[in-house]
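What follows is a set of notes on a single structure, which appears directly below.
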Amino acid sequence: MLSVFVQGFMVCLSLIVAIGAQNAFVLRQGLRGEHVWPVVMFCAGTDAVLISSGVLGLSQTLKASPLLNQILALGGAAFLLVYGWQALQRVRRPQQLTAASHVAGAGMAAVLAQAAAFTFLNPHVYLDTVLLIGSIGAQQAPLLRWWFIAGACLASLSWFMIIGFGAARLAPVFQHPRAWQVIDALIVITMWGMAVLLLIQGI
């Protein structure tokens, strides 16, 4: 059982520790100190649902539906292009991390709506959680699958907590507008790069 738990933890960690749309969003919220707990718990919770669904059978359903994969790819690309454009505007008008910026930040509902979009409109989330992790977990014996799921879910929660709350240690650096320009420029590159890949896959 422990070996299956560790396998689930390591498989999930190896897939989610990468610069992606969802990770970039959580990191930015952590740097701003805005609604970090709700964002972390939402991302980890949706990962838990998707991983469990994949291990318990949804991975086979998605593999059999090319049209659904295409729709997800095109929708996700459109969203990433828009968010990348917004980040580009922030690069042109650099900001500073101050108490005032926290007051003027987006409300929790709006932030969670963005988190939901990064989760459900991003085909790579389904590829990682449902298809890849799900397919590996589904190979376990029925009773051991729950141990695999538990390990994978713990890895997801641990990672989002690290980038969400660990980002606060970098806050002093982001008192300077130039630092925000750098992080937003990286977000533009990440979002638009992933959008291009999704469009290629969708077409």
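FYI, it's all coordinate maths here, none of it is from the lab. Here the structure is a predicted model, which is why all the values come from computation and not from measurement.
Return the long-range amide H neighbours of H176 (sequence gap of 5 or more, or a different chain), with a cut-off of under 5 Å between placed amide H atoms.
Under 5 Å from the amide H of H176 lie the amide H atoms of L97, each far enough along the sequence or on another chain.
Rg to Rh for region 1-44: what is it, with Cα atoms only and Rh by Kirkwood? Please report the intermediate quantities before stating the final value.
Values: Rg = 13.2 Å, Rh = 11.8 Å.
With Rh from the inverse mean 1/r over Cα pairs, Rg/Rh is 1.11.
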